[in-house]
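Colleague: Let me give you the structure first, and then I'll get to my questions.
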Amino acid sequence: MTRFVGLGGPAMVAPPCRELIDIARNLGAAHADAAAECDRSGEINTALLDDLRAAGYLSAVLPRPAGGGGHSLGEIVLAQAALAEYDASTALGVGMHLMVIGNEGWGTRWHPRRRERLFAYARQPGALFNVLATEPELGAPQRLERPATTLVPDGPDRWILSGRKSFATFAEELSHAVVYASVGDGSDDVCLVLLPMSAPGVSIERTWDTIGMRATASHDVIFDGTPVEGDNVVNRSSYRVLTKRPAMTPWFALPVAAVYLGIARAARNHAVEYARTRRPGRGARVADDPHVRELTGQMDAELMAAESTILVAASAAGLELLESPRFEAIEPIEAAAKLVVTSTAIRVVDAAMRIVGGAALRGGSPLERCYRDVRSGPVHHPNDGRAQAALAKHALDQLRTPVGIEGSRLFRVNA
């Protein structure tokens with residue numbers, strides 16, 4: 001198959017990154033048939049997940065002093081795109097886990113003792129994390145609205161957690177959850193609670209039934225009077241203060257966008273292989289049709305531009321401290337990258353569908369799954385409207401802050 005290489009090719013990346021990409025690509029390819037079956041059944045591809053864990057992929061962003069691979073955001077973006085070419089659902093679920101560790105490994109938002117506890121959990125066999133923030137009534141807390149899930153006092157340094165979270169990616173495989181909740185002690189505070197999914201009062205309701213990303217098995221998680229020790233309340237702040245902070249972190253926006261870049265690559269590769277080998281009526285190749293050649297050129301140009309955008313955004317984010325006010329300078333870069341990549345991915349998949357034609361619509365076709373999965377891209381935070389609002393905010397309301405690469409540390413380092 002003629003694969004799209006792009007900026008993740010062997011000549012473009014350092015050996016440690018190449019090794020991580022190879023793990024993602026080789027294991028993804030080995031489990032590709034299972035990925036198709038899991039898409040049909042709506043179950044998690046646990047065999048691939050286990051192999052990724054055994055290969056060290058799930059600890060790739062854990063800092064080296066903590067026993068992990070210490071890979072950068074840019075390296076994770078490339079590896080996630082490679083994995084998503086074969087199994088987008090698994091790439092998305094693993095991406096949520098990497099987000100939790102990456103935020104703390106590189107952003108250091110929690111108290112050091114609690115951060116070390118997270119890293120200790122991450123080193124345990126079977127460790128898998130996710131942030132549970134979305135709720136049935138609230139939806140995704142795009143601006144960190146106060147959730148209905150509550151954490152109420154239950155004696156000295158003890159709490160009770162109650163509520164329901166939806167869109168809990170990989171719910172049945174999670175070892176721990178970071179739960180976004182309102183503090184019910186008369187304050188206006190909100191908090192994050194780190195707790196094992198085996199805790200009393202935690203249950204899963206199998207609600208996941210969607211057209212795309214079916215094998216993420218993102219069921220509802222219910223907390224019914226779940227006891228929480230005080231030290232597991234890992235981050236607490238005033239709701240009013242929280243809403244004034246940047247609404248996204250690069251460790252969520254970019255690895256998620258990379259998944260959709262991988263879906264688009266997979267669709268492109270399938271369409272190109274089809275065009276090169278298909279000869280209707282034993283005549284000319286589909287590849288010789290002028291319109292097909294135009295669509296192919298369009299796909300590759302858009303993929304190269306999207307890949308460049310996400311890697312520049314990852315490089316800029318890697319040079320900024322998330323706790324620093326400088327993060328405001330890269331917020332529009334992250335928003336733009338997520339918007340550009342997910343929008344591009346949809347256009348590329350649609351172009352691939354046009355090249356292949358009616359065969360792409362058959363159930364079980366690789367392109368049919370790409371078509372369904374890629375539609376989820378704009379839904380993830382920041383959605384298109386929020387991304388555009390972040391860009392408009394910097395253009396119209398914060399004129400003193402340079403926008404784009406010039407406003408980030410990347411420009412100053414390389415200038």
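The values are calculated or read from the model by the stated rules, or taken from the named source; none is laboratory data. Because the structure is a prediction, the values reported are computed rather than measured. No Cβ is skipped: glycine too gets one built from the backbone with ideal geometry, and neighbour counts run over all protein chains shown.
Colleague: Any residue in the range 120-135 that is out of contact with any strand residue (DSSP E or B) (no Cβ under 8 Å at 6 or more places or on another chain), assigned to a helix (DSSP H, G or I) and without any contact (Cβ under 8 Å) to a residue 60 or more places away in the chain?
Modeller: The answer is yes; a qualifying residue exists.
Colleague: Looking at ARG114, ARG143 in this structure, which one is at pLDDT below 95, more than 14 Å from MET197 (Cα to Cα) and part of a helix (DSSP H, G or I)?
Modeller: ARG114 is the lone residue from the list that is at pLDDT below 95, more than 14 Å from MET197 (Cα to Cα) and part of a helix (DSSP H, G or I).
Colleague: Report yes if some residue within the range 286-299 is outside any strand (DSSP E or B), modelled with pLDDT of 95 or more and touching a His at 6+ places or on another chain (Cβ under 9 Å); otherwise report no.
Modeller: No: the range 286-299 contains no residue that is outside any strand (DSSP E or B), modelled with pLDDT of 95 or more and touching a His at 6+ places or on another chain (Cβ under 9 Å).
Colleague: State which residue pairs qualify: first residue free of Cβ contacts under 8 Å to residues at least 60 places away in the same chain and inside the range 49-65, second residue surrounded by fewer than 18 Cβ atoms within 10 Å (Cβ to Cβ) in any location, beta carbons under 6 Å apart, and separation of 6 or more residues or different chains.
Modeller: PRO63/GLY70; ARG64/GLY70
Colleague: Which of (1) over 15 Å from ILE355 (Cβ atoms); (2) in contact with a Lys or Arg (Cβ under 7 Å, 6 or more places away or on another chain); (3) at pLDDT below 95 is the odd one out, the single condition ALA257 does not satisfy?
Modeller: Only one criterion is unmet by ALA257, namely (3).
Colleague: Something else now. Return the only residue of ILE346, ILE355, ILE333 being part of a helix (DSSP H, G or I), more than 19 Å from TYR260 (Cα to Cα) and over 13 Å from the mean Cα position of the chain (by Cα).
Modeller: ILE355
Colleague: Follow-up question, since we're still on this one. Quick one: GLY93 ticks every box in (1) among the small types (Gly, Ala, Ser); (2) assigned to a loop (DSSP other than H, G, I, E, B); (3) on the phi < 0 side of the Ramachandran plot bar one, so which box is it?
Modeller: Of everything listed in (1) among the small types (Gly, Ala, Ser); (2) assigned to a loop (DSSP other than H, G, I, E, B); (3) on the phi < 0 side of the Ramachandran plot, GLY93 misses just condition (2).
Colleague: Same structure, new question: When the residues of the range 157-191 are narrowed to those that are touching a residue at least 60 places away in the same chain (Cβ under 8 Å) and within 19 Å of GLY225 (Cα to Cα), which ends up nearest to the chain's Cα centre (by Cα)?
Modeller: So, considering only residues that are touching a residue at least 60 places away in the same chain (Cβ under 8 Å) and within 19 Å of GLY225 (Cα to Cα), the one nearest to the chain's Cα centre (by Cα) is VAL178.
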